[in-house]
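*Asks:* The structure is given below, and queries will be raised subsequently.
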Amino acid sequence: MSVKPYIPNAFTLLNLFSGCIAVLFAVNSNFVAAAIFMFLGIFFDFFDGLLARKLNVQSDLGIQLDSLADMVTSGLVPGVVMFKLIAISIDAPQVASQNDWSTNFSFSDLRLEPLALIGLFITLASAYRLAKFNIDEDQQSYFKGLPTPANALLIVSLPLIIEFQNNAFVTNLILNKWFLIIVTLFSCYILNSKIKLLALKFKNYKFNENGYRYSLLVIALVLLGLFNFIAIPLIILCYIALSILKQVITKTI
């Protein structure tokens, strides 16, 4: 029996496993570790599809498994991170945790700030987007709306900017509850918008067919060199802008 069909699915499960670990760290407000494991999950997510195509073992099972893994790594993780950020921004009490199984637990001890729950809308929007993607046969050469991994990078970059950039103005901006709510609503919209965005997979390396992709790559490298983690949301915005520009100029995506 050939093991080839199982190799891409193994990478998908590694994506899911990484996402589960990222959730555990995010719940405990360890955003750096959460980001590392989320990045690792996205890395595995890239290679599962690549391996499936190279080995010619694409399957319906692999497609469904990929979406389920993405739901955790690129859907639940950013939702939890945003929930925690909003809770921090309003100085909400931490969610109670049960450390002793013998201790009686009361739901009155579970303190959830209603405003912070808005952050979990990102998870709901991600689930809706992945479900639409699975039944949409048009998204072969482009995406409708922002892919969930890109959106996850956008959200998780926020605590990394706070941690590593050491910029008081930017930190105060990110920890403003209204800014976080606006980012959440933008995230939910752009995930499920009808805006056609460039697929970033190269079918070949000809410049005339990939000029916008090469442009995005150059812009990304320049922004990362100049701004470090602040570059991540800027790159996402450039990705959206370049996609719209290409559609306006060429009438195609």
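*Asks:* Give me the residue from the stretch 152-193 that is small (Gly, Ala, Ser) and open to solvent by less than 30 Å² (accessible area, probe 1.4 Å) and, out of that set, farthest from Ala125 (Cα to Cα).
*Replies:* Ser157
*Asks:* Could you check how many residues of the stretch 120-130 are within 17 Å of Asp45 (Cα to Cα) and exposed (fewer than 15 other Cβ atoms within 10 Å of the Cβ)?
*Replies:* Summing the residues that are within 17 Å of Asp45 (Cα to Cα) and exposed (fewer than 15 other Cβ atoms within 10 Å of the Cβ) in the stretch 120-130 gives 0.
*Asks:* Here's another thing I want to ask about it. Determine the pairs where a residue that is among the charged types (D, E, K, R), located within the stretch 239-253, has a partner that is outside any loop (DSSP other than H, G, I, E, B) with Cβ atoms under 6 Å apart, the partner being 6 or more residues away or on another chain.
*Replies:* The qualifying pairs are Lys246/Tyr212.
*Asks:* Give Leu130, Leu146, Leu153, Leu120 a once-over and let me know the one that is within 15 Å of the chain's Cα centre (by Cα) and assigned to a loop (DSSP other than H, G, I, E, B).
*Replies:* Leu146
*Asks:* Which count do you get for residues in the stretch 133-143 that are loosely packed, with under 15 Cβ neighbours inside 10 Å and outside any helix (DSSP H, G or I)?
*Replies:* Selection size over the stretch 133-143: 5.
*Asks:* Looking at (1) modelled with pLDDT under 90; (2) touching an Asp or Glu at 6+ places or on another chain (Cβ under 6 Å), which is the only condition Phe11 fails?
*Replies:* Every listed condition holds for Phe11 apart from (1).
*Asks:* For Leu216, indicate whether it is touching a helix residue (DSSP H, G or I) at 6+ places or on another chain (Cβ under 6 Å) and within 25 Å of Lys144 (Cα to Cα).
*Replies:* The answer is yes for Leu216.
*Asks:* Let me ask something additional. Taking the conditions exactly as written (touching a residue at least 24 places away in the same chain (Cβ under 8 Å) and more than 13 Å from Ser74 (Cα to Cα)), does Phe169 satisfy them or not?
*Replies:* Here the answer is no, as Phe169 does not meet what is asked.
*Asks:* Another question, then. Can you find a residue in the stretch 162-170 that is over 23 Å from Gly119 (Cβ atoms) and either under 20 Å from the mean Cα position of the chain (by Cα) or part of a helix (DSSP H, G or I) (or both)?
*Replies:* Yes, the conditions are met somewhere in the stretch 162-170.
The values are calculated or read from the model by the stated rules, or taken from the named source; none is laboratory data. It should be emphasised that the depicted structure is a prediction, and the values quoted were computed from it without experimental measurement. No Cβ is skipped: glycine too gets one built from the backbone with ideal geometry, and neighbour counts run over all protein chains shown. The area values use the complete protein model at the heavy-atom level, side chains included, leaving out ligands, DNA and RNA. Shrake-Rupley method; radii C 1.70, N 1.55, O 1.52, S 1.80 Å.
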